[in-house]
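Below: the structure, in structure tokens.
The values are calculated or read from the model by the stated rules, or taken from the named source; none is laboratory data. None of these values were measured; they are calculated from a predicted model. Virtual Cβ from ideal backbone geometry, glycine too; neighbours counted across all protein chains shown. Side chains are part of the model used for accessible areas, which takes the heavy atoms of the whole protein and leaves out ligands, DNA and RNA. Shrake-Rupley method; radii C 1.70, N 1.55, O 1.52, S 1.80 Å.
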Amino acid sequence: MREIGKYTPGEIESKWYTHWLNNKYFHAKVSDKEPYTIVIPPPNVTGVLHMGHMLNNTVQDVLIRRARMLGLNACWVPGTDHASIATEAKVVKRLREQGIKKSDLSREDFLKHAWDWTDEYGGIILKQLRRLGASCDWDRTAFTLDDVRSEQVVDVFIDLHKKGLIYRGLRMVNWDPVALTAISDEEVIHKEENSRLYYMSYQIDGSDEALQVATTRPETIFGDTAVCVHPEDQRYQHLKGKQAIVPLVGRKVPIIFDEYVDIEFGTGALKVTPAHDTNDQMLGEKHDLEVINVFDEHAALNEHGGQFVGLDRFDARKKVAKALESEGLLVETKDLRNKVGRSERTDAVIEPRLSMQWFLKMSSLAEKAIDGVKSKDVALYPSHTEKTYLYWMENIKDWCVSRQLWWGHRIPAWYDSKGNVAVCKSHEEAVAALGTSEIHQDEDVMDTWFSSWLWPYSVFSGNKEEEDYFYPTNTLVTGQDIIFFWVARMIMAGYEFKGKRPFKDVYFTGMVRDKKRRKMSKSLGNSPDPLDLIDKYGADGVRVGMLMTAPAGNDLLFDEDLCSQGSFFANKVWNAFRLVGMWESGDGEMNPSERLSINWMRNRIAEALIELESSFEKYRLSEALMTTYKLVWDDFCSWYLEMIKPLKGERISGDALEETKAIFNSLLEIMHPFMPFITEELWQNLADRKDGETINFAVWPTLEVTDARVLKSFEHFADIVGGIRTVRNENGIAPKELLTIEIVKNTNHDSSYDSLIKKLANVEAIVEVEEVKKSAFSFVVGGINYTIPADAFVDLDEEIAKLQEELKYTEGFLNSVLKKLSNERFVSNAPDAVVASERKKQADAESKITLITQRLEALKK
């Protein structure tokens with residue numbers, strides 16, 4: 001056991017991570033061992049480390065490190081996602097700063113800028129993860145837009161098209177007017193916002209009568225092609241076969257009747273704009289209505305907007321409302337709270353838009369994925385997430401997989417001048433299929449998720465031996481916010497393309513929030529820089545802090561004090577190592593107290609290992625950490641080391657010291673998945689290790705409980721020591737004062753712990769007596785009354801006088817409270833909380849008077 005100096009986490013982390021990488025400890029190869037595989041949720045290539053990444057990757061690293069120690073062939077595959085929308089937005093922003101517009105560039109030139117940006121900034125987050133201690137197999141780092149993954153994505157698109165599952169059609173999509181692309185339903189965040197309901201007057205053609213129509217979007221009247229009412233609404237029965245005139249536009253449109261209309265909403269009359277509302281489109285198709293698109297791709301009014309052409313939709317809303325008012329066509333407006341769909345990526349308000357897009361039929365793909373979760377072939381943790389998953393899967397809609405971007409996997413479809421399409425892998429194949437060289441490829445790219453849904457097996461693409469060995473993977477660790485975006489789709493892809501599940505377990509972490517339960521964000525200033533935390537508290541301290549309050553699946557309420565606590569824990573372990581290293585050993589055999597202490601500690605570790613196994617099986621990693629924390633801090637440092645350490649001027653027996661080192665060794669190995677750096681440093685210094693030996697591959701401890709009795713008897717012993725310390729604290733008896741403990745004869749007191757009681761509680765003697773003194777301090781443990789004669793520490797006359805004075809004061813206080821409570825006016829008029837507070841004061845005072853009286857009686861006997 002080598003001597004160590006001051007704990008310097010930064011130096012230790014740098015030294016050992018470099019050593020681990022140089023020796024390729026994290027690299028996994030196909031072998032005879034059972035594999036344990038995790039694929040990292042690929043962060044955006046544009047990303048930098050944030051607190052959510054810290055939690056997610058700490059959990060993954062804990063699992064993968066423990067798997068190595070269990071003897072499994074652990075493989076954690078890292079990588080990044082090309083993130084079409086986010087990356088393209090960043091590149092466009094940089095070009096704008098350089099005075100370059102995307103529209104002025106060819107596709108090839110833009111992609112060159114995008115790749116330059118990716119090469120310059122991409123992958124930063126993976127380098128940052130190394131600071132955390134992430135033990136990824138970095139040789140396997142993958143990128144969703146690299147050549148291997150790109151070829152695979154194109155092959156899957158073609159395969160699904162051949163199966164008739166991918167099709168192209170004019171459909172209502174969620175249009176992001178900032179990113180200028182369609183996005184999927186799952187990428188739309190619905191937020192409740194303040195809005196207004198506008199009541200407009202539609203003149204009935206050939207009549208003086210007008211029909212009031214309520215809408216939140218008056219700017220879309222230029223696309224109105226009908227007014228719809230409920231067939232059972234008696235107010236409008238006389239309007240069958242009539243037409244209404246669209247205000248400001250003057251266009252005559254039919255009044256149609258359909259049960260879709262909610263009679264109770266607004267006036268019960270609905271303007272129908274088939275080009276700009278999903279439900280209106282449904283009505284339009286059902287009633288064969290004209291479709292008029294009034295917005296351009298930026299959500300500004302186009303040529304159909306008349307005098308408002310070119311206005312942004314929100315500016316147009318205000319000006320159209322004013323124009324309606326000036327024409328006497330705006331009846332009234334009302335405030336309204338309604339849900340508004342916003343782009344998950346840009347926060348732009350989504351514009352429903354009819355657009356020619358590529359779609360993937362999902363219902364048949366979903367069937368096996370539903371069965372997989374219901375049968376527990378894929379298990380979700382925590383279990384309540386299964387209900388969310390199944391609800392979405394059983395109500396799944398077709399997936400819009402095309403995006404109007406340049407950065408991404410280009411749609412492998414070619415068109416000739418007549419509009420015929422060929423879906424194939426290359427230009428040459430398309431020429432052959434279409435019978436002409438006059439062709440052009442689809443301009444769109446695939447949704448980013450269309451590549452990442454293949455991630456669990458695509459990372460092994462091109463190597464069948466590795467894919468057969470490492471796939472299916474074991475555990476996916478991710479956030480609940482992408483259960484639909486990614487998790488469900490990966491499960492579908494696994495069953496569809498590989499005929500088996502992509503992973504055995506899915507563990508959903510919660511969201512990292514601040515202690516006020518707010519989502520962390522730069523704008524609130526409540527999201528610390530993870531690297532700053534690591535610099536301040538060390539990676540091990542931050543890892544412990546992150547997991548301390550990360551209950552399975554629930555949000556983590558992060559407080560920087562937790563990282564401080566993690567750092568204190570690391571220092572505690574470090575100092576414990578230094579303490580043991582200072583002990584000198586003798587030649588003699590273990591004494592009974594040493595033997596008892598070691599027997600208890602070994603059995604306590606074995607007991608904790610059972611708890612840990614249960615916690616890991618259920619993915620309760622916060623509980624696993626707290627079990628480890630208490631085992632090391634409370635049981636080992638606070639109890640065992642105090643029990644086993646030699647008294648001043650004495651030596652510990654050689655056998656006891658070796659056993660203590662072995663116990664320390666086991667504890668370091670248990671701690672390693674949570675705190676990899678400090679455990680490697682101390683483990684290496686604890687004993688002489690062979691070249692290349694590392695705690696990464698140390699065998700996970702397998703101690704078994706061999707003496708349950710010692711675990712029970714220790715609790716009794718600990719309560720005795722605690723009782724003595726409480727007597728000292730409550731009665732001002734200094735720790736250095738030697739005490740005598742008296743026990744009535746013929747009790748069940750276990751004397752095997754007597755020497756340890758004397759050592760830890762500074763007790764001179766533990767004696768049996770016929771009868772204990774009434775004036776003695778006492779406490780009860782396990783039904784046994786332990787007493788400490790008070791004579792030596794208390795002047796009886798002085799103590800009696802002191803207690804009598806305290807009794808007098810307390811009785812006076814009680815009388816004042818009772819007087820207040822006897823006042824009916826006070827009790828009737830005071831707030832309930834105030835009355836309850838006074839009653840509590842009464843109860844507390846009465847309890848205190850009883851205790852003082854009993855104490856006085858004992859002292860006077």
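One table, with the values for the structure above:
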| read-out | value |
| --- | --- |
| Solvent-accessible heavy-atom area per residue, rounded to whole Å², over the chain at 1.4 Å | 47 Å² |
| Charge tally in the Cβ shell below 10 Å around E193, where Lys, Arg are +1 and Asp, Glu are -1, E193 excluded | +3 |
| A836-Y121 FRET efficiency (beta carbon distance; Förster radius 56 Å; 0.05 resolution) | 0.40 |
| Dipole-positive endmost among G266, H230, P247 within the stretch 223-275 (Cβ charges, Cα centre) | P247 |
| Sum of -39500 (n - 2.57) over DSSP H runs of 4+, divided by residues of the chain (222 nm, nearest 500) | -13500 deg cm²/dmol |
| Net charge of neighbours whose Cβ lies under 12 Å from the Cβ of D377, counting Lys and Arg as +1 and Asp and Glu as -1 | +4 |
| Carbon and sulfur %, accessible surface of the chain computed with the full protein complex present, 1.4 Å | 47 percent |
| Charge dipole (the chain, unit charges on Cβ, about Cα centre) - positive-most of A432, T509, I158 | T509 |
| Estimated distance in nm for a label pair at E658 and D371, the labels positioned 7 Å out from Cα along Cα-to-Cβ | 6.0 nm |
| Environment charge of G164, counting only residues whose C-beta is closer than 14 Å and scoring Lys/Arg +1, Asp/Glu -1 | +1 |
| Spatial separation of Cα centroids for the stretch 242-280 and the stretch 373-404, in angstrom | 36 Å |
| Charge dipole magnitude, Cβ of K and R +1, D and E -1 - the stretch 229-351, Cα centre, debye nearest 20 | 380 debye |
| Residue list for the stretch 346-385, given a label point 7 angstrom along the Cα-to-Cβ vector of E443 and an amide N cut-off under 13 Å | 356 |
| Within straight-line cross-link reach of K840, aspartates and glutamates at Cα separation under 20 Å, skipping those fewer than 8 residues along the same chain | E806, E811, E824, D832 |
| Test item: Cα-centred dipole of the chain, Lys/Arg +1 and Asp/Glu -1 on Cβ, debye | 880 debye |
| Solvent-accessible ranking of D795, D691, D258, D335, largest area first, probe 1.4 Å | D691, D335, D795, D258 |
| Charge dipole (debye, nearest 20) of the stretch 757-861; +1 at Cβ of Lys and Arg, -1 at Cβ of Asp and Glu | 420 debye |
| Heavy atoms of Y7: accessible area, 1.4 Å probe, square angstrom to 10 | 20 Å² |
| Cα-based Lys pair tally, the stretch 291-371, threshold under 20 Å, eight or more apart or on separate chains | 4 |
| Cross-link pairs K425/K464; K162/K374; K24/K661; K93/K425; K819/K848 - those with Cα-Cα distance over 24 Å | K162/K374; K24/K661; K93/K425 |
| Positive-end residue of S755, V835, T853, charge dipole of the stretch 745-861 with Cβ unit charges | V835 |
